[in-house]
Amino acid sequence: MARYTGAVCKLCRREGKKLFLKGERCYTGKCALERRSYAPGQHGQSRKKPTEYGLQLRAKQQAKRFYGIPEKQFYKYFELAERKQGITGENLLQICESRLDNVVYLLGWANSRAEARQLVNHGHFKVNGHKVDIPSYLVKAGDSVAIASGSKDSEKIKSTVEACSARPVPQWLDRNNDDLSAKIVALPTREQIECPVEEHLIVELYSK
C-alpha cells in the first residue's frame, strides 16, 4: 500500500482526534479539528452508532496514522508484539514508539513525524555513532541518538531545533541540548505513551 499523500488534517477529522500530523500547527487555533470537528465529506456531520468492528477498525487506523506506518508493517509489529512477554497491545505501542523517526520527533528535532521520517531518510542522525537512514529502525534502552556533525550547521535543522526546544521530552528520553544528542534511558511504559488509542481494540481486531 502506498503512503498517504493527501491532506493530513482530514485524517484527524476522520478519526475525531488530534493525531498531531502537522506539527506545531496542531497546538494552535489553526487546527482543522478545532474549526471543523466533524468528519470530512458529504456525510461527515451525520451521526451513526459505530459497530464493534467499526470501533476496532478506527483504533487501528488511528494508531497507524498517528505514527505514519503502512498496514503491512503495522501488522508485522503486531506479530512481533504477540511474541514478546507482556500485554500485546502495550507491546505494540512500545514498538511503534521505539521507531527512530518517532524518537527524533519526540526529541524536538523535527516538527512532525513525517518531517522526522524525511530527515532520517536523508541521513541526518546517528545511533551509537553510526549513521542510520532507516526511519523504522527500532532503538533500544541504552542507545544514544545524535544529530550528525555535518547536519548541525544546517539552517533547517537549527531552526527546527530552536522552534521545538520548548516541547517537553518524555521521561524515557534524556536530551542533551549542548551537543544535540540524547540517550534512550528505557523503553516507554504505557503511561508514557501519548498515542490516543485503546490498544486492546487493535488486538481484538487482529485476533479474529
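The values are calculated or read from the model by the stated rules, or taken from the named source; none is laboratory data. Keep in mind it's a predicted model, so treat the numbers as computed, not measured. A quick note on method: Cβ atoms are made from the backbone with ideal geometry, for glycine too, and the neighbour counts reach across all protein chains shown.
Overview of results
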{"read-out": "Some residue of the range 81-90 being among the aliphatic types (A, V, I, L, M), at pLDDT 95 or above and in contact with a Pro (Cβ under 9 Å, 6 or more places away or on another chain)", "value": "no"}
{"read-out": "Out of GLY142, GLY129, GLY123, sole residue that is touching a residue at least 40 places away in the same chain (Cβ under 8 Å), of a type outside the set (A, V, I, L, M, F, W, C) and on the phi > 0 side of the Ramachandran plot", "value": "GLY142"}
{"read-out": "Check on LYS49, more than 26 Å from ILE184 (Cα to Cα) and either assigned to a helix (DSSP H, G or I) or at pLDDT below 60 (or both)", "value": "no"}
{"read-out": "Residue pairs meeting the criteria (Cβ under 9 Å; at least 6 apart or on separate chains; first at positive phi and assigned by TED's automatic domain parsing to the domain that holds GLY89, in the range 50-67; second modelled with pLDDT under 90 and not in a helix (DSSP H, G or I))", "value": "none"}
{"read-out": "Residues (of a type in the set (S, T, N, Q) and either in a helix (DSSP H, G or I) or under 20 Å from PRO70 (Cα atoms) (or both)) located in the range 107-124", "value": "SER112, GLN118, ASN121"}
